[in-house]
Amino acid sequence: MEFSPFVDVMGWARNDYGYDIQVETCGFTKTVVSTFGIPVIMDKTYDEINPEEYDALAIPGGFEEFGFYEEAYCEEFLELIRRFDNKKKVIATICVGALPVGKSGIMKKRKATTYHLNNGYRQKQLATFGVEVVNERVVIDNNVITSYCPETAADVAFELLKVLVGKNKMQVVKTAMGYISA
C-alpha cells in the first residue's frame, strides 16, 4: 500500500496526460517479498541507483518484524539517501520510511514526521536523530516529504507529483483519479 501510490499516481500522470515521468522500482534484491508475502520484481537494486539519473527517491515504510530496519538502516542505503540530499533531489517517505532518512543525518534540526500512533514511539525514535518532529499528516522541509501513517501514501505521491510537474498538472491527475471532486 505504501509503494503502490507512487506507481499509480505517476502512471496516471504519464499514461493519461503525457507528463514526462518514469518510475523505476528498486530494492535490496531483484525480488522483494512484501510484508504480507506478495513478491514484487524490482527494476533495479539500490546499488544500481545513481542520483544523477533521477529527480526523486521515494521510500515506503515497513514492519520491524519483517526486517525493514535491517535493510533500511544499512550504511550503503543511508549513503544513497545522503547522495540524493546532497544533490537537492526530492526524498519522499511514507510512515516509517522517514526513519532511515533521519538516521542518515540529513534531517538534523529539520522538520519531519513518521508513524504517530502507539504513543508516538516511532516519532520519539525519529527525534533521537536530531529531527524536529511535527505531528502532522504530511510535513515538507525543503526537499524532504514525510508522512505519519500508511493512509497518507496517496498524499505523499501527489506532493511528489506536484514537485515534479507543478501544482496545476498535479491537480489534473488528482481530479482524474477521484481525489478532488470535478
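The values are calculated or read from the model by the stated rules, or taken from the named source; none is laboratory data. On a predicted model such as this, the values are computed, not experimentally measured, just so you know. Quick reminder, even Gly has a Cβ in these numbers, built from the backbone with ideal geometry, and neighbours come from all protein chains shown.
In the stretch 127-182, of all residues being among the hydroxyl-bearing types (Ser, Thr, Tyr) and outside any helix (DSSP H, G or I), the one that is modelled with the lowest pLDDT corresponds to Ser181.
For the stretch 85-121: of the residues being closer than 15 Å to Ile145 by Cα, of a type in the set (A, V, I, L, M, F, W, C) and free of Cβ contacts under 8 Å to residues at least 40 places away in the same chain, which is surrounded by the fewest Cβ atoms within 10 Å (Cβ to Cβ)? Per the criteria, the residue is Ile106. Taking Ala98, is it under 20 Å from Phe158 (Cα atoms) and of a type in the set (A, V, I, L, M, F, W, C)? The answer is yes for Ala98. When the stretch 106-137 is filtered for residues that are among the aromatic types (Phe, Trp, Tyr) and over 16 Å from the mean Cα position of the chain (by Cα), the ones remaining, listed by number, are Tyr121, Phe129. Only residues that are under 14 Å from the mean Cα position of the chain (by Cα) and exposed (fewer than 12 other Cβ atoms within 10 Å of the Cβ) were counted in the stretch 25-60, giving 0. Screening the stretch 157-182 for residues that are among the basic types (Lys, Arg) and either under 16 Å from Ile145 (Cα atoms) or within 19 Å of the chain's Cα centre (by Cα) (or both) and picking the one that is surrounded by the fewest Cβ atoms within 10 Å (Cβ to Cβ) gives Lys167. Pairing residues of the stretch 157-182 that are closer than 18 Å to Asn142 by Cβ with residues that are of a type in the set (Asp, Glu), at Cβ distances under 8 Å and at least 6 apart in sequence or on separate chains, gives Leu164/Asp55.
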